[in-house]
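Just below is one structure, and these are the notes that go with it.
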Amino acid sequence: MTETLRNLRVSEMPPQHAADPKTPAQQRARFFNSGNAFNVQLPPVPDMAFAEEPARALDPATPTGMILCDISDQLECPFPATSPLVLAGYARIRAGESLNTDPRASGVIAYVIQGDGTTRCGDEEIAWAPGDIMLFPGGAAQHHETGDSDAVLWVVSNEPQVAFEGLQPPAVGMAPTGVVHYKAADIAAQSDYLVANAEVGELPGYAIVLSSEQNEASRNVLPTLTLAMNTLPGGTSQPPHRHNSVAVSLVVSGEDCYSMIDGKRKDWSPWATTITPPVSVHSHHNGGDSRAMFLIVQDGGLYYHTRAMGFEFAEE
Ligand SMILES: [Fe+2]
């Protein structure tokens, strides 16, 4: 320890080095203490909505390309991110054109907002239409082609999670999911059945949880991500609750809908991507007559796995 440190409080000590390093490995060592190790202040995850990005993606004048919901500067992440572990964006593909998406992720979710087309991933091809949801293994590019009309896809992955650890996408055949296609008609039928048959008060809300053959045991869509299409019948609300996972959601349908997040009202706008911060007390409300739908991606698999989801109902 140097003389200059003798008068410093332990909480103010700079990172400490080995006193007499003899090897590069010893030279790389850093020492903190219980006074100065736990005061790193990360900016909170904001409760925000991305409305300009979908407007641009749906604008006929916008060329083919990817529009990310990237707040890495706000989150102080050195890689694109919508939340610390999730990246969402809109893929716009003009009629007769094509686009490759290839997030450096373990898997990729895509929801068809508008248009018809096909996506090739590896040796499989999906023909899609509005309302369909697709799941692709990371490490293999997705080649999207449109038909006679412009198309817009909502594309979500765990790219920030992979970047955080400095990992590579999985090798071909090693991804934690295969190619999966959830047809809009099947999602609607499952929602209709749930709304018609769930006992009043039996469920915390109406959600169709999307999983796959490969992740059936966990009910997740990827080991760390959960995917659910939530339904709110007209004039109903979800009870306020909290959990440790963050939610990155797409507003699919609904009029006069809003969320309450830590006491603040957030109105929905068409095709917006919204962030519900972790641990916040939140509820969703449908003040209109029509059924509201919102597609929710959460890093919930991570919290289930670590037994730390922290779900509880709460007072608003
Ligand atoms: Fe929630």
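Just so you know, all these numbers are worked out from the coordinates, no wet-lab data involved. Keep in mind that this is a model prediction, so the values were computed, not measured. Using ideal geometry, Cβ is built from the backbone for each residue, glycine included, and neighbour counts are taken over all protein chains shown.
What length, rounded to one decimal in nm, is gained on full extension from Gln190 through to Glu213, with 0.36 nm per residue of separation minus their alpha-carbon distance? Numbers along the way, then the final one.
Values: separation 23, 0.36 × 23 = 8.28 nm, distance 1.72 nm.
Contour length minus the Cα-Cα distance gives 6.6 nm.
For Tyr90, Tyr258, Tyr303, which order do you get if you count the other beta carbons within 10 Å of each Cβ and list the fewest first?
With the sparsest Cβ surroundings first, the list reads Tyr258, Tyr303, Tyr90.
Using a Förster distance of 30 Å, how high is the FRET efficiency between Ala308 and Thr236, based on the Cβ-Cβ distance and rounded to 0.05?
For Ala308 and Thr236, the calculated efficiency is 0.50.
Could you work out how far helix 184-197 tilts from the main Cα principal axis of the chain, as a 0 to 90 degree angle to the nearest 10?
Taking the Cα atoms of the chain, the angle to 184-197 is about 90 degrees.
Cβ under 13 Å from Ala18's Cβ, Ala18 left aside: what net charge do those residues give with Lys, Arg +1 and Asp, Glu -1?
Combined, the nearby Lys, Arg, Asp and Glu give +2.
Give the whole-number value, in cubic angstrom per residue, of the convex hull volume spanned by the C-alpha atoms of the stretch 49-313. Before the final figure, lay out each step's value.
On the way: hull volume 34.2 nm³, N = 265.
Normalising the Cα hull of the stretch 49-313 by residue number yields 129 Å³.
Under a Cβ-Cβ cut-off of 11 Å, what is the net charge of the residues other than Asp256 that fall near it, where Lys and Arg count +1 and Asp and Glu count -1?
On the way: positive: none; negative: Glu255, Asp267, Asp289.
Residues near Asp256 contribute -3 overall.
Springs between alpha-carbon atoms under 10 Å, Gaussian network over the chain: tell me which of Pro78, Pro63, Pro21 tops the mean-square fluctuations.
Pro21
For the chain, modelled as a Gaussian network with Cα springs under 10 Å, which listed residue fluctuates most, Thr23, Thr118, Thr276?
For the chain, modelled as a Gaussian network with Cα springs under 10 Å, the answer is Thr23.
In a GNM of the chain with a 10 Å cut-off on Cα contacts, which of Ala185, Ala110, Ala37 has the highest mean-square fluctuation?
In this elastic network of the chain, the residue with the biggest mean-square fluctuation among Ala185, Ala110, Ala37 is Ala37.
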